[in-house]
1. Take the residues in the stretch A:79-94 that are assigned to a strand (DSSP E or B) and buried (at least 24 other Cβ atoms within 10 Å of the Cβ); name whichever of them is nearest to the other protein chains (Cβ to nearest Cβ).
2. Conditions first: (1) of a type in the set (A, V, I, L, M); (2) open to solvent by less than 10 Å² (accessible area, probe 1.4 Å); (3) within 12 Å of chain A (Cβ to nearest Cβ). B:Ala106 passes all but one, so which condition is the exception?
3. Considering every residue within the stretch B:241-254, establish whether at least one is more than 14 Å from every other protein chain (Cβ to nearest Cβ), open to solvent by less than 50 Å² (accessible area, probe 1.4 Å) and among the β-branched types (Val, Ile, Thr).
4. May I ask you to list the residues in the stretch B:75-95 that are without any contact (Cβ under 8 Å) to a residue 40 or more places away in the chain and not aliphatic (A, V, I, L, M)?
5. Taking B:Val175 as the residue in question, decide whether it is open to solvent by less than 10 Å² (accessible area, probe 1.4 Å), facing chain A (nearest Cβ under 9 Å), within 22 Å of the chain's Cα centre (by Cα) and touching a residue at least 60 places away in the same chain (Cβ under 8 Å).
6. For the stretch B:236-258, give me the residue count where each residue is in contact (Cβ under 8 Å) with a residue 40 or more places away in the chain and in contact with a Ser or Thr (Cβ under 7 Å, 6 or more places away or on another chain).
7. Is at least one residue of the stretch B:38-53 under 27 Å from B:Ala260 (Cα atoms), without any contact (Cβ under 8 Å) to a residue 60 or more places away in the chain, part of a helix (DSSP H, G or I) and in the same structural domain as B:Arg279 (by TED's automatic domain parsing)?
Amino acid sequence: MELTVGPLLFHWATDAWSDFYARLADEAPVDRVVIGESVCSKRLPLYADRITEAVERLERAGKTVVLTSLALVTLPRERRAAAGLFAQTGHEVEIDDLTLMRWAGKGDDAHCPGFSIGPLVNVYNESTLRFFAARGARSVCLPPELPFASVASLAAAAQPLGIGVEVFAFGRVPLALSARCYHARVHGRTKDSCQFVCDRDPDGMVVRTLDGQDFLAVNGVQTLSYNCCNLIDDVGTLRQAGVTALRLSPHSGDFVSVCRAFRSAIDGQGDDPAALLPGHIPAMPYSRGFMFGATGAE
Amino acid sequence: MATERLEIVCPAGTPAALRTAVDAGADSVYCGFNDETNARNFPGLNFSRAEMAVGIAYAAARGVKVLVAINTFPRAGSEALWHRAVDDALACGAHAVILADIGLLAYAAERHPDRRLHLSVQAAASNADAINFYAETFGIRRVVLPRVLTVEEIAAINREIDVETEVFIFGGLCVMAEGRCSLSSYATGRSPNMHGVCSPASHVAYAEEGEDLVARLGGFTIHRVPKAVAAPYPTLCKGCFQTGDYRGHIFEDPVSLDAATLMPQLARAGVRALKIEGRQRSRAYVEQVVRAFRRASEAEAAGQPIPKSELWRLTEGQQTTAGAYRKTWR
């Protein structure tokens, strides 16, 4: 079973961004690292010149590096960037918006060692999985809202197709995308005049109900769960069902320890890998609701 | 010329609403089967197989097309239910089926290569490359555009695609990219993608607390208003929340979409059809809205001003927005 670090979803200061990937390269026992901007295309230019160095360091450390696409592609420059991902030689591409399927697996991606499907593409059933397998996808990270019964069905179908099945196993869960930037809206701005106000919330801006219940987290155009998905105690169950990889979604704090705890769980080391999780990051209650509960928030 | 007039695509949640929409001047009517295969899977709504056949015949006799929405994402292990829905809708004589799922599109394209497939808004194809992927791969003939695009962006898309475009003009407004939203699932375990419901009534609870009326969804407070004020239905993304010192409608005010005044611009942007949301609405509502938009499309085609007052009447007492069609919404 592999460990994948998903793309950093939040907007961090450039040096914090570089430090995160340097430490990940040097210390985190993970197999694949998905890197790049999947949430807001306005952020990318702020750290684009740091990506090459981060990729080289990760690869020197033996990690497979995957370049992510943007999750909601509308603007001309966003389409050009999406098309350009396949022109970059040597890196697998993670497709998080079907825009890239126009080129994937059709010879236009000849320089690219392969592509995989990210968690924001809707793969809910065997026929869809078969479609992507036939097009040449190496793996699919399933949508986080899928219950375990669906995950088990899909993992069983994936094996003979030769396509990997990954599940979202740690982090605030991406729930929605919009054309509108809610960080900007809350601060009385618009998406075009945002002044990158999302950089104030390294793990998302907590949204509470009027009764003070912690509910959601806003990350620019994206809305995430307040709770932090954590499937570390379910690693055995997932592996048995045929899940081939777990996705850990970056947060601030000691994320390397999160990676180490999951590695211990996968390797079957220690009696209680969950005890290795750092005592937190920002305070976020753990949840396994989407996979095993009646509601996602459970 | 009749061919240039914008097609008015009207909702029908029941056989009676279908007849009402047809009689009121709909060019086409969209509806779904009474199960989880369609994205308005509400109790008491939608069509049995027999009702669908009768409804399609009624519409066809009056020159109106019926589009059948099978636009949830089939559940792993149970795809046969969705496959049957596609087969049955086309066997009943549906003009087209409206689909969102890749696997279901692949099934329909293979089994029914000569029939019209429309791409549901739930597929969230938000640019020309994505739309062309669906057109080249599955032969879709029309795309319902997601509500994340400006009029200018819609015009640019139409210059690069060969399929027809349909856009939402009136009714409920999703503020998130449709088909990519698990907010309802997070709070209630029931989602648009999997169950065809959003913020379902089964998980809504109203309570009087002191001077307030509270509306909760899955136990989360979505609205808290003074008792004298009518509490809006607790649709999650239209709720009133707090973050830091901010208190308000973080995602969107409780508004509905009314882009009627943009009809001429949408026509110039190459849009073929205008969709009215509201399969859950009453016959009286459907009748009024359909009549108004039929007249508006005739006025637009004749180069006349859109009769505004009539459309305003339909949203009486309710705030409206042109949504993402104007860039400032973002």
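1. Narrowing the stretch A:79-94 to residues assigned to a strand (DSSP E or B): A:92-94.
Those left that are additionally buried (at least 24 other Cβ atoms within 10 Å of the Cβ): A:93-94.
On the way: A:Val93: 14, A:Glu94: 16 Å.
It comes out as A:Val93.
2. Just one mismatch for B:Ala106, condition (2).
3. No: zero hits.
4. Within the stretch B:75-95, B:Gly77, B:Ser78, B:Glu79, B:His83, B:Arg84, B:Asp87 qualify.
5. Details: open to solvent by less than 10 Å² (accessible area, probe 1.4 Å): yes; facing chain A (nearest Cβ under 9 Å): yes; within 22 Å of the chain's Cα centre (by Cα): yes; touching a residue at least 60 places away in the same chain (Cβ under 8 Å): yes.
Yes, satisfied.
6. Going through the stretch B:236-258 one residue at a time, the tally reaches 5.
7. no
Every residue, every condition in (1) under 17 Å from the mean Cα position of the chain (by Cα); (2) open to solvent by 70 Å² or more (accessible area, probe 1.4 Å); (3) modelled with pLDDT under 90, yes or no:
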| residue | (1), (2), (3) |
| --- | --- |
| B:Arg272 | yes, yes, no |
| B:Tyr285 | yes, no, no |
| B:Val289 | yes, no, no |
| B:Ala296 | no, no, no |
| B:Ala299 | no, no, no |
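The values are calculated or read from the model by the stated rules, or taken from the named source; none is laboratory data. If you're wondering where the values come from, they're calculated on a predicted model, not measured in any experiment. Heads up, the Cβs are rebuilt from the backbone with ideal geometry, glycines too, and the neighbour counts pull from every protein chain shown. With ligands, DNA and RNA removed, areas are computed over all heavy atoms of the protein, side chains included. Shrake-Rupley method; radii C 1.70, N 1.55, O 1.52, S 1.80 Å.
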